[in-house]
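The values are calculated or read from the model by the stated rules, or taken from the named source; none is laboratory data. Please read these numbers as outputs of a predicted model, since none were measured by experiment. Virtual Cβ from ideal backbone geometry, glycine too; neighbours counted across all protein chains shown.
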Amino acid sequence: MVPARRFGPTRPELLPPGTGPFKADPVEVANSPIEVTVNGKEAEVINKVGWPGTHDLYRVDFRVRSGLPPGQATLQLTAAWIPGPEVKIPVQ
């Protein structure tokens, strides 16, 4: 799980971010395509939702490919084809 910001509107309502807090039922899914890479390899994005009760904080759950060696890995989120900064995460 990774928290992120500035993904834009969510479905089902497609309101601009900050219009109101994200709801929990139903969860609000980011409308933009979201990709996650770990050490340059695509990870499976499981969900990409607005964090309930916040105005511009999103939760992205993803699954790392098997075979990733333990230690520090480089993670990068891309939203609507715009890459964010790379961050380091620990991998066990």
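Please enumerate the residues belonging to region 70-92 that are at pLDDT below 90 and either among the basic types (Lys, Arg) or not in a strand (DSSP E or B) (or both).
Correct list: Gln92 only.
Quick one: would you say Thr10 is surrounded by 12 or more Cβ atoms within 10 Å (Cβ to Cβ), farther than 20 Å from Lys88 by Cα and of a type in the set (S, T, N, Q)?
Answer is yes for this residue.
Can you tell me which residue is farthest from the chain's Cα centre (by Cα) among those in region 31-72 that are surrounded by 14 or more Cβ atoms within 10 Å (Cβ to Cβ) and under 13 Å from Val91 (Cβ atoms)?
In this case the residue turns out to be Leu68.
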